[in-house]
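A.B. asks: First the structure, which I've put down as structure tokens, then a few questions once you've had a look.
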Amino acid sequence: MYHSEYSVHQIQHIIQAEGIIPLPNTLIRTLAFDSRKLSDEHHTLFFALNGRRNGEAYIKEAYNKGLRNFVVRHNFKDSSSFPDANFLLVENPLEALQMLATAQRRLFDRPVIAITGSNGKTIVKEWLYQLLGHYKRVIRSPKSYNSQIGVPISVWNIGEDHDLAIIEAGISLKDEMDALAGIIQPTIGVLTNIGEAHNEGFASKEAKLKEKLKLFADVDLFVYSPKYMEGIHPPGRRQFSWAFKQTADLCIIRQDDNQNNGTTLTALFKEREMTCNLPFKDAASIENVVCCWAVLLALDYDPHIVVQWLEKLHTVNMRMELKKGIHNCSVIDDSYSLDLSSLGIALDFLNQQKQHSKKTLILSDIPETGIPPRILYQQVADLLRSKQVDRLIGVGDDISAFSSLFQLEKQFFTDTQSLLSAISDIALNDEAILLKGARKFKFEHISKILTQKVHETILEINLSALEANLNHYKAKLKPGVKLMAMVKAFSYGSGSYEIANILQFNRVDYLAVAYADEGVSLRQAGITLPIMVMNPDVDGFETMIENDLEPEIYSLRVMNSFFNALSSANRTNYPVHIKLDTGMHRLGFAPEEIEALLALISEDNRVTVRSAFSHLTSSEDDSSDHFTRQQIDLFSAMTSKLESTLGYSIIKHIANTSAISRLPEAQFDMVRLGIGLYGIDSSHSLDNSALETVARLVTCVSQIKELRKGDTVGYNRRGVMMHDGKVATVKIGYADGYNRKLGNGIGHMLINGHLVPTIGSICMDMCMLDVTDIPVEEGDEVIVFDSRHTVSHIARQLETIPYEILTGISQRVKRVYYYE
Ligand SMILES: *Cc1c(COP(=O)(O)O)cnc(C)c1O
């Protein structure tokens, strides 16, 4: 009952590979390209794709995890080092992956919906899945698997037990869509909104749209809004359009707020008026609903019933959230959908949490998969084994009925309520807990009990955005250049091991912290990457050595005392990093001190100089490039001297974020990426459009007061109402890191999409906003900064730099991490 099952021999034929194939009859059910995320190892085919690093570099890791089937480039030489493994040799492994998916697609003769657009693709996909699921057995691409790799992996999973497939397609470069169109071969096309996202790779908005429309060249039905067509003729044998207050097959003629804090839409379809009460208010959700509505009408479902289903849609929270839990646990909450592929993705995230040695999964019944339960739960059991879960807490009748399939520490409950009543008896201690429940099991109740009460000001950290930013900079590196990620000062205010785990998972080469204690906590949380400590403290040398933390050596005094510590610890060849002063005049050896340093270390086997580095004073500022070049030249000269006297090569690094963007010649052997990871780069144009915003600071309204003109607000009556109106008190103050200089109308926050000014002085734990004329209720969310109202903007208002704002957010503000 696997959706796809081919022998290696069949696959060899499909992808036209040559090969070294000792075991041609091995059955393949799963495709993989990431050696960190493997399951079903005996039936997996691994594609060594050439990303930023040669995929072949990961074959060893995959082989050690038990994989025996590989697709590699035909000049691959190492196959003899991997006995008993099948190697399929092809010109281009990515194309081979796509060919295989294309073959699988050809076997499916039922409708395939393809969705593309700039925004809303994933939501529209999830909603169509919910809506069409009332009528058919639907398969959809997992999470946002919409790329050149994600699409073939999604298509591979389409099988005979499905009536309909929904596949999301995203492109960021010209000419990518042809490949995706060939793999998906959609029969129905859906275009969501076209915005500004990913303009970089295209000459114009129209060029981008034309590229996207290639996906739909052969469809039977195309669903779109004329608003996004830029006058281009819509493709497809049949079209169905939707629009707001503009002629279309489905036309929204009115939009009103309703009592349930939602929106009532009045629409015209085939000259009949219909109304639909939605539980949403925001423009993006409403537009996405209308897009789904149009698809269902275009497919001829009964308009009355369609409205009923639409009214039952709920917000899709695609976030996988990581929170601090009770008894020193970490809780990952991923309850928006439950099927095997999303379970696999969530287990991979669980595996990244190195701060606990024990991993527990709380899992409900998996509904509506179309797979017979015994086979389904056997697949789940296999998955848990290969992802090395330590304990399963199963909730529901089905999973309980198959409890004997699971070979691990386990406990079962018939429903969420009985788990909740027993929860105080279950020992949950210092472990990582993944909550994965189908919606009707209401796992949010479990989540509430397992996570600590949250002070209502939260710094939300988007780990997917952080990864995207990391990849943005990695793509700028010359081949072989290493990357050190700066996680000092709580990763610029964003967190500690939570960020380090992601960086370790993404295989950065080095981490750097400011103080030894930061490094020690990373070690305790299971971080094994090499860590450089920039401000090593003589008193802390012993702990540093115990924890394999590598000091920055910036003076002879520091070197001498570190030598003493190494002697007491009886250590030799300990890695150290030499800081060179090329013009910052902060820490480091001046050019004239190099001789003395070399005299001290070159004949001493207690240390090995792992790297030598310096810091640029003005890397973001092109008017200082002359000075920057001098620093770079001086750095080259000083490091050559070090290397020639020491007689071995050392890693040389000088570039921080802005230098990576602006000065390729500064890359040397490694770069030190700091603030760019967090989505800010002072050398980019003000909007930083190539980077993704990582941090969002949100709080909420505690109280609203109606005030009259002339009333005063806050300490010393500094705020004065210039009109009759209302004021909202919100739960953030200077003790949270909201600068007092932002009081009295200087600072602004976003409430329900409106930017409103502060009024009166900022207090220690709260402040007041003038909310006259905007819709707001007590308890509403207030955004202090996000991707629209940015940290950079606030920094400019305060005449400081974004670094200070980010690192100034106090530790009492809870951090919540999430993955999209
Ligand atoms: C903080 C720091 C960096 C990172 O700088 P960004 O501008 O945040 O990229 C690099 N090198 C040193 C020595 C630092 O202290």
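A.B. asks: So which residues in region 11-55 are among the polar types (S, T, N, Q) and either surrounded by 14 or more Cβ atoms within 10 Å (Cβ to Cβ) or closer than 30 Å to H472 by Cβ (or both)?
C.D. replies: From region 11-55, those among the polar types (S, T, N, Q) are 12, 16, 25-26, 30, 35, 39, 44, 50, 54; that's our starting set.
Across region 11-55, the qualifying residues are Q12, T26, T30, S35, S39, T44, N50, N54.
A.B. asks: Moving to a separate point now. Sort out which residues of region 472-507 are within 13 Å of the ligand (Cβ to nearest atom) and without any contact (Cβ under 8 Å) to a residue 40 or more places away in the chain, and write them in order of number.
C.D. replies: Passing the criteria: only V487.
A.B. asks: Please determine whether any residue of region 590-599 is buried (at least 22 other Cβ atoms within 10 Å of the Cβ) and of a type outside the set (D, E, K, R). Write out each step before concluding.
C.D. replies: The initial filter retains those residues of region 590-599 that are buried (at least 22 other Cβ atoms within 10 Å of the Cβ), namely none.
No, there is no match, as no residue in region 590-599 is buried (at least 22 other Cβ atoms within 10 Å of the Cβ) and of a type outside the set (D, E, K, R).
A.B. asks: Can you find a residue in region 134-153 that is farther than 25 Å from D348 by Cβ and either acidic (D, E) or part of a helix (DSSP H, G or I) (or both)?
C.D. replies: Step one: filter region 134-153 for residues farther than 25 Å from D348 by Cβ, giving 134-137.
Filter once more, so that each one left must be either acidic (D, E) or part of a helix (DSSP H, G or I) (or both): none.
Within region 134-153 (the criterion being farther than 25 Å from D348 by Cβ and either acidic (D, E) or part of a helix (DSSP H, G or I) (or both)), the answer is no, since none of the residues qualifies.
A.B. asks: A further question follows. Taking into account only those residues within region 666-721 that are surrounded by 13 or more Cβ atoms within 10 Å (Cβ to Cβ) and of a type in the set (D, E), which is farthest from S614 (Cα to Cα)?
C.D. replies: Within region 666-721, the match that is farthest from S614 (Cα to Cα) is D711.
Here is a yes/no grid of residues against (1) in the same structural domain as L642 (by TED's automatic domain parsing); (2) out of contact with any helix residue (DSSP H, G or I) (no Cβ under 7 Å at 6 or more places or on another chain); (3) more than 30 Å from L350 (Cα to Cα); (4) part of a loop (DSSP other than H, G, I, E, B):
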| position | (1), (2), (3), (4) |
| --- | --- |
| A512 | yes, no, no, no |
| L522 | yes, no, no, no |
| F563 | yes, yes, yes, no |
| S568 | yes, yes, yes, no |
| H585 | yes, yes, yes, yes |
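A.B. asks: Another question, then. Could you tell me how many of the residues in region 635-679 are assigned to a helix (DSSP H, G or I), more than 16 Å from the ligand (Cβ to nearest atom) and aliphatic (A, V, I, L, M)?
C.D. replies: Our first condition is that a residue be assigned to a helix (DSSP H, G or I); within region 635-679, this holds for 635-646, 657-662, 664-666, 675-678.
Okay, now just the ones that are also more than 16 Å from the ligand (Cβ to nearest atom), so 636-637, 640-646, 665.
Filter again for aliphatic (A, V, I, L, M), leaving 637, 642, 646.
Within region 635-679, residues that are assigned to a helix (DSSP H, G or I), more than 16 Å from the ligand (Cβ to nearest atom) and aliphatic (A, V, I, L, M) number 3.
A.B. asks: Go through region 514-532 and report how many residues are closer than 22 Å to E460 by Cα and within 15 Å of the ligand (Cβ to nearest atom).
C.D. replies: Initially, region 514-532 is screened for residues closer than 22 Å to E460 by Cα, giving 518, 521-522, 525.
Cutting the leftovers down to within 15 Å of the ligand (Cβ to nearest atom) gives us 518.
Matching residues across region 514-532 total 1.
A.B. asks: Hey, another quick one. Filter region 607-619 for residues that are in contact with a Ser or Thr (Cβ under 6 Å, 6 or more places away or on another chain) and surrounded by 19 or more Cβ atoms within 10 Å (Cβ to Cβ) and give the result. Can you show your working first?
C.D. replies: Narrowing region 607-619 to residues in contact with a Ser or Thr (Cβ under 6 Å, 6 or more places away or on another chain): 612, 614, 616, 618-619.
Correct list: A612, S614, L616, S619.
A.B. asks: Away from the ligand (no atom under 16 Å from the Cβ) and either surrounded by fewer than 22 Cβ atoms within 10 Å (Cβ to Cβ) or part of a strand (DSSP E or B) (or both): which single residue out of I774, I762, I732 fits that description? Reasoning before the result, please.
C.D. replies: Numbers: I762 fails: either surrounded by fewer than 22 Cβ atoms within 10 Å (Cβ to Cβ) or part of a strand (DSSP E or B) (or both); I732 fails: either surrounded by fewer than 22 Cβ atoms within 10 Å (Cβ to Cβ) or part of a strand (DSSP E or B) (or both).
I774 is the lone residue from the list that is away from the ligand (no atom under 16 Å from the Cβ) and either surrounded by fewer than 22 Cβ atoms within 10 Å (Cβ to Cβ) or part of a strand (DSSP E or B) (or both).
A.B. asks: If you don't mind, there's one more thing I want to ask. Does E444 qualify as being under 20 Å from N351 (Cβ atoms) and either of a type in the set (D, E) or modelled with pLDDT under 90 (or both)?
C.D. replies: For E444, the condition - under 20 Å from N351 (Cβ atoms) and either of a type in the set (D, E) or modelled with pLDDT under 90 (or both) - is not met.
A.B. asks: (1) under 23 Å from Q811 (Cβ atoms); (2) crowded, with 18+ Cβ neighbours inside 10 Å; (3) more than 14 Å from the ligand (Cβ to nearest atom): which one isn't true of E467, the others all being true?
C.D. replies: Of everything listed in (1) under 23 Å from Q811 (Cβ atoms); (2) crowded, with 18+ Cβ neighbours inside 10 Å; (3) more than 14 Å from the ligand (Cβ to nearest atom), E467 misses just condition (1).
A.B. asks: Considering each residue of region 601-618, count those that are under 41 Å from the mean Cα position of the chain (by Cα) and free of Cβ contacts under 8 Å to residues at least 24 places away in the same chain, and give that number.
C.D. replies: So in region 601-618, the residues under 41 Å from the mean Cα position of the chain (by Cα) come out as 607-618.
From what is left, the residues that are free of Cβ contacts under 8 Å to residues at least 24 places away in the same chain are 618.
Of the residues in region 601-618, 1 are under 41 Å from the mean Cα position of the chain (by Cα) and free of Cβ contacts under 8 Å to residues at least 24 places away in the same chain.
A.B. asks: What are the pairs, 6+ residues apart or on separate chains, where a residue within region 337-349 that is touching a residue at least 12 places away in the same chain (Cβ under 8 Å) and closer than 15 Å to R385 by Cα has its Cβ under 8 Å from a residue that is in a loop (DSSP other than H, G, I, E, B) and β-branched (V, I, T)?
C.D. replies: L340/I366; L340/T369; L343/I366; L347/V389
A.B. asks: Let me ask another. Failed condition for L598, given (1) more than 16 Å from the ligand (Cβ to nearest atom); (2) in contact with a Lys or Arg (Cβ under 9 Å, 6 or more places away or on another chain); (3) under 21 Å from R672 (Cα atoms), with all others met?
C.D. replies: Condition not satisfied by L598: (3).
A.B. asks: Could you list all residues from region 53-110 that are under 26 Å from the mean Cα position of the chain (by Cα), modelled with pLDDT under 90 and in a loop (DSSP other than H, G, I, E, B)?
C.D. replies: Selection gives R53 alone.
A.B. asks: Go through (1) within 24 Å of V508 (Cβ to Cβ); (2) surrounded by 13 or more Cβ atoms within 10 Å (Cβ to Cβ) one by one and return the number of the condition Y648 breaks.
C.D. replies: Result: Y648 passes all but (2).
A.B. asks: Still on this structure, I have one more. Please go through (1) surrounded by 23 or more Cβ atoms within 10 Å (Cβ to Cβ); (2) more than 18 Å from L313 (Cβ to Cβ) for L132 and return the number of the only condition it doesn't satisfy.
C.D. replies: Single failed check for L132: (2).
A.B. asks: Just to be sure I understand, how many residues within region 249-280 are over 13 Å from P303 (Cβ atoms) and without any contact (Cβ under 8 Å) to a residue 24 or more places away in the chain?
C.D. replies: Summing the residues that are over 13 Å from P303 (Cβ atoms) and without any contact (Cβ under 8 Å) to a residue 24 or more places away in the chain in region 249-280 gives 12.
A.B. asks: Which helices (runs of 4 or more DSSP H) does region 410-488 wholly contain that include 3 or more residues that are farther than 30 Å from A57 by Cβ and outside the structural domain of F785 (by TED's automatic domain parsing)? Before you say what the answer is, go through the steps one by one.
C.D. replies: Numbers: elements: 416-422, 444-450, 463-474.
Because the criterion is at least 3 residues that are farther than 30 Å from A57 by Cβ and outside the structural domain of F785 (by TED's automatic domain parsing), the helices (runs of 4 or more DSSP H) in region 410-488 that meet it are 416-422, 444-450.
The values are calculated or read from the model by the stated rules, or taken from the named source; none is laboratory data. No experiment lies behind these values; they were computed from the predicted model shown. All Cβ positions, glycine included, derive from the backbone under ideal geometry; neighbour counts span all protein chains shown.
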